[in-house]
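Below is one structure, written out as structure tokens, with a few remarks after it.
The values are calculated or read from the model by the stated rules, or taken from the named source; none is laboratory data. From a predicted model like this one, the values you see are computed outputs, not experimental measurements. Note that we place each Cβ from the backbone using ideal geometry, even for glycine, and neighbour counts take in every protein chain shown. SASA here: full protein model, heavy atoms, side chains in, ligands and nucleic acids out. Shrake-Rupley method; radii C 1.70, N 1.55, O 1.52, S 1.80 Å.
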Amino acid sequence: MAIAGVILAGCASGAPAEGGNTSRPEGEIHVLVLGDAAASAEQAAADRFNKTSDVKVVIDTGSTSGAEYSTAVRNSIGTASAPDIFMSWGAANISPLVDAGALMSLNDFIDEDPKLESSFLPSVFSEEVIDGESYGIPMRGVAPTFLYYNKQVLADAGLEPATTWDELLDQVGPLTDAGVTPIGLAGSDKWPTQMWYQYVFDRVAGPEAVREGLLGDGDVWDSDESREALDDIKEIVDSGAFGNSFDSVTYGTDGSAALLRTGKSAYELMGTWHYATIAGGDEEFVKNDLGWTAFPSIGSDNATDIAGNLSNFYNVAADTRYPDTVRDFLAELYSDDFLKDQLALGNLPPTTNAADLVAADTSLDETNREFLTFVAGLVADAPAFQLSWDQFVPAASQTPLQNAMADYFNGTIDADGWVAAVQSATAAQ
């Protein structure tokens, strides 16, 4: 990790900040965002802000892969080319930067503008409060994962959306016979593969066991419940549910989304952000043929638990040159304009007024309203919300954890190999 030349700004007043990194660009701050469809809302926010600000906000788009994005941030922090504001996925994601003094505490910002905290759901906001210091402001949407499906493909095969694991397995044969890949998977990127483990392990072993395992209890991964979950995953992979080429399918180049949109796959497990990605390729498909449903139950336990990301967060580099501008731009994240843009993208804002906004926003079309209402209900009804595994563990564990998920899926390692690999990746740091 390159964290060179980090200079703590120390306060949120003055522009540029005393002690700020003067080698950073003059008269502008840079915001690095994921390079996906949701970046349009961040660009719109910057455009609004720049109309009245002397210091301009520049939106830079990075990778669509969270792991690659985080690596790029870590490698640039402390340099003149580092972003002033960037995204993260939770406490584990930012802890190394906090320990290195590379992130600015936002407590002073919040003292000056309490809405930077009070506008957001406490359960989400608290994710990036470390030792009493707030380091992240929630942005984008609450992001559980669930099954998207192509209504026409299922109808042509005489099928209804699967609600149980056995129903999903039973649909593999008819869909394959119809020339359709039952479940699209961007296996090349690995993080979509991990989503299947998150749900199957939740359903079979339970959220508390998963949490203990991710915290370093290696016995969890070698338990009977873990072996049962691995057997379930092997069964669905061996059934041909994901086809034969999922390891070469990507997410960021419209790979898996195109499969679903063009009727080459029937289902895809993905997060709320996928709605905007699919709409970006074909808005009419979203209106007419895109469906969504909760992940199937396995047995009778934990049937309404969900997994995914609580939210994304904006973090601030400690050596930003213009902290006042940063503070003022962060206020965009609870503005009506930004929240409406999020709703239009199918993102349910992590704000306390999200449900009221959905009800009151007359600009929402019916499909979008149905989608957002589904997401709000999914979150409200869930007894447990399991944070994505690669966002729960420290940054150094993300890649080996994702590799283990992909390797078991493609048969490179067996159950014993998976257990050993995950025990190593999640060993207490």
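Inspect region 413-429 for any residue being at pLDDT below 85, polar (S, T, N, Q) and in contact with a Pro (Cβ under 7 Å, 6 or more places away or on another chain) and give the result as yes or no.
So in region 413-429, the residues at pLDDT below 85 come out as 428-429.
Of the ones still in play, those that are also polar (S, T, N, Q) are 429.
If we keep only those that are in contact with a Pro (Cβ under 7 Å, 6 or more places away or on another chain) too, we end up with 429.
Checked against the condition, which is being at pLDDT below 85, polar (S, T, N, Q) and in contact with a Pro (Cβ under 7 Å, 6 or more places away or on another chain), region 413-429 yields at least one hit.
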*Out of (1) out of contact with any Gly (no Cβ under 9 Å at 6 or more places or on another chain); (2) farther than 21 Å from T193 by Cα, the odd one out for P400 is which?*
(2)
*Filter region 356-394 for residues that are under 30 Å from A209 (Cβ atoms), open to solvent by less than 30 Å² (accessible area, probe 1.4 Å) and in contact with a strand residue (DSSP E or B) (Cβ under 9 Å, 6 or more places away or on another chain) and give the result.*
V375, L378, A382, A384, Q386, L387, S388, W389, Q391
*Looking at (1) of a type in the set (S, T, N, Q); (2) surrounded by 15 or more Cβ atoms within 10 Å (Cβ to Cβ); (3) at pLDDT 85 or above, which is the only condition S65 fails?*
(3)
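Against the condition assigned to a loop (DSSP other than H, G, I, E, B) and small (G, A, S), how does A45 come out, does it pass?
Numbers: assigned to a loop (DSSP other than H, G, I, E, B): no; small (G, A, S): yes.
When the stated conditions are applied, A45 does not pass them.
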*Give me a count of the residues in region 91-105 that are surrounded by fewer than 20 Cβ atoms within 10 Å (Cβ to Cβ) and not hydrophobic (A, V, I, L, M, F, W, C).*
4
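Of everything in region 130-157, what is of a type in the set (D, E, K, R) and more than 12 Å from the chain's Cα centre (by Cα)? Give them in sequence order. Break it down into steps so the answer makes sense when it comes.
Pass one, region 130-157, residues of a type in the set (D, E, K, R): 131, 133, 140, 151, 156.
Result: D131, E133, K151, D156.
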*Look at V375 and say whether it is out of contact with any Gly (no Cβ under 7 Å at 6 or more places or on another chain), at pLDDT 90 or above, closer than 18 Å to V124 by Cβ and not in a loop (DSSP other than H, G, I, E, B).*
yes
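List the helices (runs of 4 or more DSSP H) inside region 307-372, counting only whole elements, that have at least 2 residues being more than 22 Å from V58 (Cα to Cα).
336-344, 354-360
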*Please indicate, with yes or no, whether at least one residue in region 397-408 is farther than 24 Å from S70 by Cα and touching a helix residue (DSSP H, G or I) at 6+ places or on another chain (Cβ under 9 Å).*
yes
_Residue that is nearest to L343 (Cα to Cα) [pool: residues in region 395-428 that are open to solvent by 60 Å² or more (accessible area, probe 1.4 Å) and among the β-branched types (V, I, T)]_ = T399
*Restricting to region 119-157, what's the tally of residues that are modelled with pLDDT under 95 and part of a helix (DSSP H, G or I)?*
7
_Selection from region 226-238 of residues that are of a type outside the set (V, I, T) and closer than 22 Å to E167 by Cβ_ = E228, A229, L230, D231, D232, K234, E235, D238
*Test: L116 is surrounded by 23 or more Cβ atoms within 10 Å (Cβ to Cβ) and at pLDDT 90 or above*: no
*Can you tell which of A307, A355, A359 is farther than 26 Å from E133 by Cβ and touching a Pro at 6+ places or on another chain (Cβ under 8 Å)?*
A307
_Enumeration of residues in region 323-355 that are closer than 22 Å to N50 by Cα and open to solvent by less than 20 Å² (accessible area, probe 1.4 Å)_ = P323, T325, V326, F329, L330, L333, F338, L339, Q342
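Here's a check for you: in region 48-62, which residue that is out of contact with any helix residue (DSSP H, G or I) (no Cβ under 8 Å at 6 or more places or on another chain) and part of a loop (DSSP other than H, G, I, E, B) is most open to solvent (accessible area, probe 1.4 Å)?
Ranking the qualifying residues of region 48-62, first place goes to K51.
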*Out of S239, S245, report the one residue that is more than 24 Å from the chain's Cα centre (by Cα), closer than 30 Å to T412 by Cα and free of Cβ contacts under 8 Å to residues at least 24 places away in the same chain.*
S245
_Show the residue pairs meeting these rules: Cβ distance below 6 Å; 6+ apart or different chains; first residue within region 416-427 and under 14 Å from M405 (Cβ atoms); second residue open to solvent by 60 Å² or more (accessible area, probe 1.4 Å)._
V419/D222
